[in-house]
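Working notes, structure below.
Here, each number is a calculation from the coordinates, and none is a lab measurement. Fair warning: this is a prediction, and the values are worked out from it, not measured in the lab. Cβ placement follows ideal geometry from the backbone for every residue including glycine, while neighbour counts extend to all protein chains displayed.
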Amino acid sequence: MVTTNKIKHKWGMVVDLDRCTGCQACVIACQAENNIPINTKDYFQQRRAYEWIRIERYWEGEFPNVKAKFIPILCQHCENAPCEPVCPVFATYHNDEGMNVQVYNRCIGTRYCSVNCPYSARMFNYWQPNWPDSLRNQLNPDVTVRTRGIMEKCTFCVQRLRRGEVNVEQRGIEPLTGEKITGERKLNYRQMQEGNYLPACVQSCPTNALQFADQYDETGPVKERFDEANEIVEKRHHGEHIDENHTRTYRLFEEVGASPNLIYLKKVEPFPLEKRPR
Amino acid sequence: MQEGKPLQSKQINRELLLTILNSPKWFFTTVSVLGIIVMVAMGAAGYMINQGFGVTGLNRPVMWGFFITNFVFWIGISHAGVMLSAILRLSKAEWRRPATRAAEILTVFSLMTAMTMPLIHTGRPWRTVYWIYTLPFVPYDYARGIWPNVRTPLVWDPSAVYTYLTSSILFVVVALIPDFAVLRDRTTGMSHRIYGLLAMGWQGNARQWKLQIIAGVLLSALILPVFVSVHSIVSWDFGMAVSVKSWHSTVFAPYFVVGAVHSGVSAVAFVLILLRYVYGWQNYIRHEHIDALARLLVVVATGWFYFLVMEILFGFYGREADEIAVRDYQFMVSPWNIWMMIFVGVTYFLPVAIWLSRSARRNLWIMSLACISVNIGMWLERFLIIVPGLARKQLLTFDWYTYTPSAVEWIIVGGTFAMVTMLMLVIARVVPLIPLYDIKEGEILRTEIKIGRVTVPAVFRED
Amino acid sequence: MAAAEPKGHGQHSGMWIYPDAKVISQDVSEKSKDMAKPFRTALVVTGILFILAIVGFIARAADDGFDEIGPWGYYTALFSMLFMVTSGAPLAACAFRFTKSHWRRPLSRVAELFSIVSILNLLMFIPMMIVLPSLENPAGSVEGQMELRRSIWFEGPIGAPHAWNLAGVAFLTITSIAILWTSAIADMGEARHSATGLKGWLYRKLAGGWYGTKRQWNVQKAGLALLGAFYFMIVVFMHFTISSDYAQSLIPGWKDSIFPVLYTVTAFQASLGAILVTLFILRRWGGYEGYIGKSTFWSASKVLLGLTLLWVYHLFAFFITFWYGRLEVEQNIIKYLIVDTYSVIFLLNLAFSFVLPFAVLVWNPVRRSDWGPSLAGLLALIGGLMFNIRIFVGSANAAPGENIYHFLLHKVPAPAYPDIWDLFIVVGGLGAAVFIYLVSTRILPILSIWEVKEGTFYQKWGKLHRGEYQILGKPE
């Protein structure tokens, strides 16, 4: 069972909300990459749209001094995912790369995972997915077309990662140094950049608001942020004082305790509840 | 305590077996009408499975709706059987005698009906073989080493419910054996043979009675933990969900159990009134029995109300914005606030006000009204826990939405009511809904004592 | 004496037997006058313990003052223990009277007499009222703290929670004594001419107008029912406020809607335990075996078994929700109260409140004896004490000082061990309660004479087929 070349990754994403313009490019990219059915007006009105990543728009202030705030929300790939223990058939579980994965074949559609997802990031296929004939040929062959009656959600574009792995394996050399890969088969940040192995949303983001990498990768862009966020959690555990003015990292709904592998960057109060007025 | 004239065994046999040995004219019409409603509901379920869940009113935040509400409701109704039979049998309450059989059978049928709900509620019912849910009917696909996830309440749930179903069927059958023997002796032909098989050689000798009584008491004691566990686990379907703020409450298990007893005992009282009216069993289901049930219900309802207050109070106690959002939706936003008021009114204040008056307790029309109102209320209770909780799940206000059930859901929910009624009517043709031997035993044990100038009804106590 | 086992009912001995109605009054009042040597010894020992408790209290006040609740944790636990027993016991009398249980007749007064002990409770509550931190944060709106700490009083009406709790405890004491008086008025009225000295004076004062007319009996019975219903509501409400104000709201982030229920169940269990232990002592050494039949133990044991199971059920309902929820604060609270800091006390609590009483009570032969249910009752009492120590000491010391105004408990706190004064307070306080109870048994008859007499009317023996059985009258 245990292989020496077991991949040791922990994928993570950092969403810089100060950079997000709400342009929805990630949404479109995701739609195209993951064989997501066309969201019609009806779907939106019924609140059944398929949005593996969605931009939530919030207004701040009173008219006319209104500011639009955007927050892209996708599956947070929680370490301590509330959706996982509640699935009766193990259709969702945590893989050893820090990803929360969904097994479509297993899923029977009890929808408990969605009920227990604090981020409402899980979509249920209310209808059989349908594409016009003209679009049939654009379906991504690497991604399953899901039937009705099952749950689906963001996969961190796992198909791209797998393809990247295959590439590295087939070439057998580090792309940059040209050295032979020995021992652990490991995909690093550089290779990911080289081969466009990023999730579709990250790749398409025009402002680099989304960044994706291995949290263990010293050279990657996300490690620093995750270390910072983890340190805050650690400090809180020990009852130490947290200097909120020097950090932008926070996780969504930290009080739920799901510890997502997704970090948002924004100057916010990490525990807004603590300071609620009477 | 005991009212009414003493009854002779012969008369008991004649009157209580009336439903089985002859059937009234309205019987087939009623059963057919109910059958058609059930067929329509099954058709609606088939249509839903064929088309996908789009035909319901469910949406992304509100993934559970009418079906789960209905599931919890019927599980709740099923709690009456054991509550009445087991607890009252163990505590030797005399007035339990005419109520037990109907209550137990109602348990079995409402459990069966309840279990259809989660099944059609899954996105792909034909794949539920991977769930422990279909285990009694389809062998589990263990050959490939794929097992269900025991960490989820959705696996605890069918395990508990099927244990309960099995044990309550056993409970009914053990209590039925002496009555089957009576039927065996009064039927001919095929039915004679079937009843003979079911009576399992019952001759009514001392040893058989002893064994039957021991089995009844043992089953009563063993079924009680099952009874409590079933609705606790149903409540944990909700209570374990951390993400839905108003669900993650420690009080849920006893709150649901007491609520289930509340709705279940009301339902039994209603069924008894109906039986009395339909079959003319005035000598058996007497005012004193309904009265005793109503007095029990005052206690149960008040206990339930205490838990309700705890649940709501500690919802506000947290002073967490996300929970306040749910409560705000429940109590302030139309139409939920109206439903909430109706719910509390018809589940507690109206019926308890009725039950506190002796003359109202003895008026069958008013009693039926109170019992029905409790059940409407308890249906609403589950609905008002499930839907507002989901509709205001977290503080992502962008995702907040509401829920409007579609026609398909209404039809299926209506069909479950028709189904339970139909099954009860059909079973009334097959087994006596009032235990003959229990009534006869009560007749033997009743006596009276004189204190000064007063005569007080009394009973022989066997211990 | 007439209080012997009946003749001719060998197989039913110990069940439902009362002596002849005519001799009950005289017999019981003779027994309550009697000051046997063991009784006097017990009185002296518990009196000394009472003094120890006072010493402990004064030392505690001198050492720590009344500013912080932390050092008063054990005192709070003792208060809560006595509160549980003294509030629950009269309720048991009312409840079994309400269900018209025949077997409760010898139990009623034993239970009601605990209401005298609740005066001690009321006195004990006054310092507790002072040490409870205020709802409003004295530091005002500080970063990371709440301005108004979480409590069931929310915005806080004037005086909340301190004065309201005191009023509630006082009200509870008064109501329970009113129940005792209403119940005892018939007995006192009967004995007011024969009793002498202080007792005679007291009886004449309290029951001067009692002639036992039909109307008086009706008023008395209706009064008992009404007071009982009223008392039930106050008890449940006061259990709710005490358990919330002195336990739950002192641990930041402990939001546990079942805790008041668990507290109430523990209280009922412990108080029934106390009643059973008292009944056992009376039966074995008090000369009341003719009145307190085994059937009382047998029936009460069923209730105790039910309460024991309910206790563990509510505990489990709390535990599994927090355990499955896995929120940080939930994990911390579980670690603090159950698996880590107070794990030893928790294990003792579980053992004494559930495992051991359950192991005793599942055996039918044991339950039919008089010692079995009493042993289970004693175990439940110890379990109740452990519960109170775990919860109240834990709560008082979870968030010292300003930390109490935090929103959540981020850290598992350290345990608080008792010092010598805490031991004085707890052991002495229990002794003091026993002392007061012992004294009160000399003032009022420990059996409810009228109820026992009533019972003799409603039961008789009758033949059915070949056996002889008890016949029990069931008045509407």
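Global dimensions of region B:9-459 from alpha-carbon coordinates: Rg and Dmax equal 23.1, 79 Å. Loop sites by DSSP among the chymotrypsin sites (Phe, Trp or Tyr not before Pro) of chain B, restricted to those with at most 12 other Cβ atoms within 10 angstrom, leave B:143-463 as the longest stretch without any of them. Taking Cβ atoms as reference points and 12 Å as the exclusive limit, the residues near A:A68 contribute a net charge of +1, counting Lys and Arg as +1 and Asp and Glu as -1.
List the trypsin sites (Lys or Arg not before Pro) within region C:416-476 that DSSP assigns to loop and that have no more than 10 neighbouring Cβ atoms inside 10 Å. Loop-located and lightly packed - C:R466. Electrostatic tally near B:L297: other residues with Cβ closer than 12 Å to its Cβ, Lys and Arg +1, Asp and Glu -1, net +1. In a DSSP loop and with at most 16 other Cβ atoms within 10 Å, the trypsin sites (Lys or Arg not before Pro) in region B:19-118 are B:K25, B:K92. Cross-link check: pairs C:K294/C:K460; B:K450/C:K453; C:K453/C:K474; A:K235/B:K245 evaluated at a Cα-Cα cut-off of 19 Å; pairs beyond the cut-off: A:K235/B:K245. Extending 7 Å from the Cα toward the beta-carbon at both C:D340 and C:R466 defines two label points whose distance is 6.8 nm.
Database remark: amide H of A:L210 closer than 5 angstrom to the amide H of A:D16 (H placed geometrically; neighbours at sequence offset of 5 or more, or on other chains; Pro and chain starts carry no H). If the segment from B:S334 to B:L197 were pulled out straight at 0.36 nm per residue, it would be longer than the present Cα-Cα gap by 43.5 nm. Loop sites by DSSP among the GluC sites (Glu not before Pro) of chain B, restricted to those with at most 13 other Cβ atoms within 10 angstrom, leave B:4-461 as the longest stretch without any of them. Placing unit charges on the Cβ atoms only, positive for Lys and Arg and negative for Asp and Glu, gives chain B a dipole magnitude near 1060 debye about its Cα centre.
Mind running the shape call on region A:11-267? Use the C-alpha gyration tensor, a ≥ b ≥ c as the square roots of the eigenvalues: rounded below 1.5 for a/c, prolate if a/b tops b/c, oblate otherwise. Before the final figure, lay out the partial values.
Numbers: a/c = 1.38, a/b = 1.03, b/c = 1.34.
Rounded, since a/c falls under 1.5.
When Rg and the Kirkwood Rh are both derived from Cα coordinates, the Rg/Rh ratio for the protein assembly as shown amounts to 1.01.
In a DSSP loop and with at most 14 other Cβ atoms within 10 Å, the trypsin sites (Lys or Arg not before Pro) in region C:39-148 are C:K100. Neighbour counts of other Cβ atoms within 10 Å put B:T152, B:T302 in the fewest-to-most order B:T302, B:T152. For the protein assembly as shown, the dipole from Cβ point charges (+1 on Lys and Arg, -1 on Asp and Glu) about the Cα centre works out to 4960 debye, to the nearest 20. Percent of C-alpha pairs per 20 Å bin in chain C, short distances first: 23, 53, 21, 2, 0.
Charges were assigned to the Cβ only: +1 to each Lys and Arg, -1 to each Asp and Glu. The resulting dipole of region A:11-267 about its Cα centre is roughly 1100 debye.
Scanning chain C for long hydrophobic helices, with DSSP H runs required to stretch 30 angstrom or more by C-alpha along their axis and to average at least 0.0 on the Kyte-Doolittle scale, returns C:37-64, C:73-98, C:162-191, C:214-245, C:259-285, C:294-325, C:420-443. Round to the nearest 0.05 the FRET efficiency obtained for B:V456 and B:V426 when R0 = 51 Å and r is the Cβ-Cβ distance. E between B:V456 and B:V426, to the nearest 0.05, is 0.75. Counting every other Cβ atom within 10 Å of each residue's Cβ, A:R111, B:R461 order from fewest to most as B:R461, A:R111. Here's the picture: charge each Lys and Arg Cβ at +1 and each Asp and Glu Cβ at -1 in chain C, and of C:I174, C:W461, C:S243 the one pushed furthest to the positive end of that dipole is C:W461. Note on A:R163 and A:S134: with the Förster distance fixed at 30 Å, the Cβ-Cβ geometry gives a FRET efficiency of about 0.70. Within chain B, the selection of entire DSSP H helices by a Cα span of 30 Å or greater along the long axis and an average Kyte-Doolittle value of at least 0.0 returns B:26-51, B:100-121, B:153-186, B:206-239, B:252-279, B:287-317, B:364-391, B:407-428.
If you plug the beta carbon distance of B:V309 and C:A62 into 1/(1 + (r/R0)^6) with R0 = 56 Å, you get a FRET efficiency near 0.85.
Each of A:K266, A:K10 has some number of other Cβ atoms within 10 Å of its Cβ, and from fewest to most they run A:K266, A:K10. Projecting the Cα atoms of B:L433, A:F70, C:Y342 onto the charge dipole of the protein assembly as shown, computed from C-beta unit charges around the Cα centre, puts B:L433 farthest toward the positive end. Unpaired Cys in the protein assembly as shown, meaning no second Cys C-beta under 4.7 Å: A:C20, A:C23, A:C30, A:C78, A:C87, A:C107, A:C117, A:C157, A:C205, B:C371, C:C94. Considering only A:I55, A:M13, A:N34, and ranking their Cα positions along the charge dipole of region A:2-103 that arises from unit charges at the beta-carbon of Lys, Arg, Asp and Glu, the one farthest toward the positive end is A:N34. Our note on the geometry: Cα centres of region C:361-411 and region C:71-96, 12 Å apart.
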